[in-house]
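Below: one structure, written as C-alpha cells.
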Protein chains: 2
Amino acid sequence: MSSQKMENSFGETIRKLREENNLFLREVSAQLEIDASILSKIENNNRIAKKELIKKFSTLFNTDYNELLIIWLSDKIVNELKDEKNIKKVLKIAEQKINNGKK
Amino acid sequence: MSSQKMENSFGETIRKLREENNLFLREVSAQLEIDASILSKIENNNRIAKKELIKKFSTLFNTDYNELLIIWLSDKIVNELKDEKNIKKVLKIAEQKINNGKK
DNA sequence: TTTGACTTGACAATATTTGTCAAATTTAGA
DNA sequence: TCTAAATTTGACAAATATTGTCAAGTCAAA
C-alpha cells in the first residue's frame with residue numbers, strides 16, 4: 001500500500017503498516033504464523049525479524065518487498081555497528097570494497 | 001608496524017602482516033592460541049575471525065588495533081550485503097539512521 | 001475491577017558458528 | 001623427482017547464538 005520512510009526502523013515500519021490497516025497485533029501475527037509475542041518484539045525493535053518474514057509482510061500489507069528489505073538490511077547494519085567507533089569510515093571502506101568487487 | 005590498505009580483506013591484511021614478519025602460519029597460530037587450520041581459513045577469507053582475535057593480531061604484529069577493526073568490520077558488512085541488491089541504498093540509509101541516532 | 005491488547009521474561013528447541021583433528025594438497029629444497 | 005614441512009580442506013563435535021513457546025505481567029478503556 002503506502003510507501004515507507006526508509007529512515008524508520010523495521011519495527012516502526014511494520015507497526016505503522018499494521019495501524020494503517022487497523023489490525024490487531026494478534027491478527028497480523030496469525031496471518032504471519034508467528035506468535036504475537038514475537039511480532040510485538042519485532043515492532044519494538046527488541047528482536048530482528050527472520051528474513052523470510054519480510055516477504056510475508058510485503059504480501060500481507062501489499063507493500064513493496066524491496067523497500068522493506070532495504071529497511072530491514074539497513075537496520076541490521078546499524079545494529080552491527082551501533083557500539084563501534086569510526087562508523088562512517090567503516091561504511092566508506094565497505095562501499096569501496098563492494099565497488100572493487102572484493103569479498 | 002606498517003599501516004594497512006583498508007580496501008584489503010581482513011584475511012589479506014593479516015597474511016601480509018605475517019609474511020612481512022617472516023613467520024609461518026603455524027608460528028602465528030601458536031602465538032594466537034588457535035589451531036593453524038583456523039588461521040589458514042581466516043587468511044583465505046573462508047572464516048571470519050572472532051572479534052577478540054583482532055586485539056591479539058594487533059599486539060603480535062605491533063599494528064594499530066582500530067585500523068584492523070575497521071578492516072574487520074567492513075568485511076563483515078560486505079559479507080552481509082554481498083548477495084543483495086540495492087547495496088548502495090542500504091548503506092546510505094544505514095548511515096542516515098546512524099546520523100539520526102536511531103536504532 | 002474486568003476485559004482485551006500488548007509486552008516481558010524464562011527457558012526449550014533450533015540453528016549457526018567455532019574448534020579439533022586427520023587427511024589431502026601444495027611448496028621448497030636436495 | 002623425492003621428501004618433508006607448510007598449508008589447506010573437510011567432517012564432525014562442541015560451544016554460542018537465535019528463535020519459538022508459553023505463562024505471567026502491564027496498561028488502557030470501559
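Considering only residues that are acidic (Asp, Glu) and surrounded by fewer than 16 Cβ atoms within 10 Å (Cβ to Cβ), look in region B:81-96 and name the one that is farthest from the other protein chains (Cβ to nearest Cβ). So the residue we want is B:83. Residues in region A:22-48 that are within 20 Å of residue A:7 (Cα to Cα) and in contact with an Asp or Glu (Cβ under 9 Å, 6 or more places away or on another chain) were compared, and the one that is surrounded by the most Cβ atoms within 10 Å (Cβ to Cβ) is A:43. Each residue in region B:27-47 was checked for being among the hydrophobic types (A, V, I, L, M, F, W, C) and more than 8 Å from DNA strand C (Cβ to nearest atom), and 5 pass.
Return the residue satisfying two criteria in turn: it lies in region A:49-62 and is more than 19 Å from residue B:87 (Cβ to Cβ), under 13 Å from the mean Cα position of the chain (by Cα) and surrounded by 13 or more Cβ atoms within 10 Å (Cβ to Cβ), and of such residues it is farthest from DNA strand C (Cβ to nearest atom). So that I can check it myself, show each step before the final result.
First, the residues of region A:49-62 that are more than 19 Å from residue B:87 (Cβ to Cβ): A:49-50, A:52-53, A:55-62.
Remaining after also requiring under 13 Å from the mean Cα position of the chain (by Cα): A:49-50, A:52-53, A:55-58.
Then keep just the ones that are surrounded by 13 or more Cβ atoms within 10 Å (Cβ to Cβ); that gives A:49, A:53, A:56-58.
Numbers: A:49: 14, A:53: 14, A:56: 17, A:57: 15, A:58: 20 Å.
Top of the filtered list is A:58.
Residue under question is residue A:83, and the condition is that it be under 17 Å from residue B:77 (Cβ atoms) and either at pLDDT below 95 or not in a helix (DSSP H, G or I) (or both); does it hold?
Numbers: under 17 Å from residue B:77 (Cβ atoms): yes; either at pLDDT below 95 or not in a helix (DSSP H, G or I) (or both): yes.
It is true that residue A:83 is under 17 Å from residue B:77 (Cβ atoms) and either at pLDDT below 95 or not in a helix (DSSP H, G or I) (or both).
Collect the residues in region B:1-43 that are within 20 Å of residue A:93 (Cβ to Cβ) and in a loop (DSSP other than H, G, I, E, B), keeping them in residue-number order. Listed by number, the residues that qualify are B:2, B:3, B:4, B:5, B:6, B:7, B:8, B:9. Summed over region A:60-74, the residues that are among the polar types (S, T, N, Q), in a helix (DSSP H, G or I) and more than 9 Å from every other protein chain (Cβ to nearest Cβ) give a count of 0. Somewhere in region B:3-20, is a residue touching a residue at least 60 places away in the same chain (Cβ under 8 Å), within 30 Å of residue A:45 (Cβ to Cβ) and away from DNA strand D (no atom under 12 Å from the Cβ)? Yes, because at least one residue in region B:3-20 is touching a residue at least 60 places away in the same chain (Cβ under 8 Å), within 30 Å of residue A:45 (Cβ to Cβ) and away from DNA strand D (no atom under 12 Å from the Cβ). Just to be sure I understand, how many residues within region B:47-84 are within 16 Å of DNA strand D (Cβ to nearest atom) and aliphatic (A, V, I, L, M)? Looking only at that region, the number is 7.
A Cβ distance below 6 Å, combined with a sequence gap of six or more or placement on separate chains, defines the contacts here; from region B:23-49, residues that are modelled with pLDDT under 95 reach no residue that is near DNA strand D (Cβ under 9 Å from one of its atoms) and in a helix (DSSP H, G or I).
The values are calculated or read from the model by the stated rules, or taken from the named source; none is laboratory data. These numbers come from a predicted model, not from an experiment. Reconstructed Cβ throughout: ideal geometry from the backbone, glycine too, with neighbour counts over all protein chains shown.
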